[in-house]
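Shown next, in structure tokens, is the structure this report addresses.
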Amino acid sequence: MKNILYILPFLIFFISCDDMNSFHEEYIKDGETIYSVKTDSVISYPGRNRIMIKAGFAAAPHIKQFKIDWNDGTESQTYDIEGMNDTTFYEFLLENLEEQSYIFELYSLDADGNRSIKVDEFASVYGDKYESTLNNRMLLGIEGGGTVDSIIVKWATAADGNTGVEMMYNNGAGEPVTKMVLPEENDVVIRDWELEGEMSYKSFFIPDEYAIDTFATETATTLLPDYNPPIDDKNWEIVDFSSEEPAEGAPNGLASAVIDGDVNTFWHSAWAASSPDYPHYFVVDMKETVEISAVECFRRQGNGGGQTKFKIYTSVDGVNFDDQGTFDFDSQIDDGQMYPLESLPEARYLKYEATEGPNNFAFLGELNIYQKFDKTGWTVNDFSSEEPAEGAPNGLVSAAIDGDVGTFWHSAWSASSPDYPHYFVIDMQETVNMSAVECFRRQGNGGGHTQFKIYTSNDAVNFDDQGTFDFDSQIDDGQMYPLGSLPEARYFKFEATDGPNNFTFLAEIDVYGSRAKE
């Protein structure tokens, strides 16, 4: 009986093993299943209608191919690769994909065609739909210009995914400039720009930190401000006024505060001992006769209770004044307000007269005056050629600075007729900040140059290129060309570079700006 009990467990064991073998035979009857090595690291890099998938293998010397299926296996792509013994990463680029989310099924295959276990990778592909949702980084505003020789372009905080803003504008020479504003930058300073020129900008974004493509917004545009430096006022003097009131502490209240170069000081009409009604005025002696192109006025900073209308008078002798017009003044803003004088009056004295306001007193923070330089005393320093064959002064370079548009400079054409370029150099006899030049063609004659360059110098030896400019040879009117960099110079060189004939001519050239500070 004891022997029978020992034999029974062995019989049960052999019967169980036989049943187990029968179970596995069902699955290995066609041979044992062998799997290739699967990827153990996957990163997706989305892009515009494409994606790059990076797959890593710790060690896979036998793999020969990598297969990617998507859209439930209806689409696939297979890549030939070379297996390595060391950790290796492979990059696979799928292109021409629709913009949507995907489940990518990843397999490796060895030399015998054995496939690895599937690895699913969830990823998105981006395109026009995503790009259409993007908005430009907000432009908060542009500060400066006017009488400030630089501008600050101010941007709002960058949105998530923004990689930068591309700003495009022309410099003072008309040459294109591109600046990239990084996400962490909020202020961009520009010191050389085309006055009242257009600035375009667009913002760039990535939809994912691993994105391989950048997407852009639509291009937006804005105008850059003007810049016109005032006449140097260091020698100016107040020679007359209706009243002034220093009760708040001089220089505040004094008429001289409007020409001290500080917008934070101010002139105030009388109000302590007496409070006379409008008009209130002061007269400025500029100590020289200038051709005035504009005046700029600043209110008493932060105070809107002053005048809302004023008049400008000009005089050459301080006795007889010419009325240059009545102007509206916005007493609610601190910024300077520019008022052109269309007749370009010649004057040594300027009278400012406040005529109307909400109270019976007036005040003003600062007054600036802009001019075209007097050419008396200018001399010709150098030239390529001149031709007086039509009767001097016509043909001579000096005719271009004689103040008469009826005379003209002409390059040589009688004994010889040299080709472009043709040039002359002018000595202004003083150092100035040049904001613009104005050119007049030979009146009634369109055969001259169509393009020219301006150079500036302080020593007549070393010249700086201020740019190339297009010139309309078919009109008699003066044509203005701003110099955005406001070069400081005593000498300037005019160089005609192109035209329909090999000669050129010019009736007159004027310079605008301010005298350089000592």
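Filtering the range 429-469 to residues that are without any contact (Cβ under 8 Å) to a residue 40 or more places away in the chain and either out of contact with any Ser or Thr (no Cβ under 9 Å at 6 or more places or on another chain) or assigned to a strand (DSSP E or B) (or both) leaves Gly444, Thr456, Ser457, Asp459, Val461, Asn462, Asp464. Restricting attention to the range 58-94, report how many residues are small (Gly, Ala, Ser), in a strand (DSSP E or B) and buried (at least 17 other Cβ atoms within 10 Å of the Cβ). Residues flagged as small (Gly, Ala, Ser), in a strand (DSSP E or B) and buried (at least 17 other Cβ atoms within 10 Å of the Cβ) within the range 58-94 amount to 1. Checking Tyr102, Tyr130, Tyr126 one by one, the residue that is free of Cβ contacts under 8 Å to residues at least 60 places away in the same chain and not charged (D, E, K, R) is Tyr102 and no other. Only residues that are within 38 Å of the chain's Cα centre (by Cα) and part of a loop (DSSP other than H, G, I, E, B) were counted across the range 377-401, and they come to 2. The residues on offer are Glu386, Glu346, Glu390, and the sole one that is farther than 20 Å from Phe310 by Cβ, outside the structural domain of Ala507 (by TED's automatic domain parsing) and charged (D, E, K, R) is Glu346. Is it the case, given these coordinates, that Ala173 is surrounded by 15 or more Cβ atoms within 10 Å (Cβ to Cβ) and farther than 26 Å from Met52 by Cβ? Against the criterion (surrounded by 15 or more Cβ atoms within 10 Å (Cβ to Cβ) and farther than 26 Å from Met52 by Cβ), Ala173 qualifies.
Name every residue in the range 95-111 that is touching a strand residue (DSSP E or B) at 6+ places or on another chain (Cβ under 9 Å) and surrounded by fewer than 13 Cβ atoms within 10 Å (Cβ to Cβ), in order of residue number.
Correct list: Glu95, Asn96, Gln100, Ser101, Ile103, Ala111.
Taking the range 291-360 and the strands (runs of 3 or more DSSP E) fully enclosed by it, the elements with 2 or more residues that are of a type in the set (S, T, N, Q) and closer than 28 Å to Gly144 by Cα are at 322-328. Scanning the range 144-170 for residues that are surrounded by fewer than 15 Cβ atoms within 10 Å (Cβ to Cβ) and not in a loop (DSSP other than H, G, I, E, B) yields a single hit, Lys154.
One residue alone among Glu353, Glu366 is closer than 28 Å to Ala257 by Cβ, within 38 Å of the chain's Cα centre (by Cα) and charged (D, E, K, R), and that residue is Glu366.
Every test in (1) farther than 27 Å from Ile151 by Cβ; (2) surrounded by 20 or more Cβ atoms within 10 Å (Cβ to Cβ) is passed by Ile475 save one, and that test is (2). Note on the range 176-222: among residues that are without any contact (Cβ under 8 Å) to a residue 60 or more places away in the chain and polar (S, T, N, Q), the one that is surrounded by the most Cβ atoms within 10 Å (Cβ to Cβ) is Asn186. The sole residue among Gly444, Gly499 that is of a type outside the set (D, E, K, R) and surrounded by fewer than 18 Cβ atoms within 10 Å (Cβ to Cβ) is Gly444.
The values are calculated or read from the model by the stated rules, or taken from the named source; none is laboratory data. Owing to the predicted nature of the structure, the values given are computational and were not obtained by experimental measurement. Glycine gets a Cβ as well: all are built from the backbone with ideal geometry, and neighbour counts include every protein chain shown.
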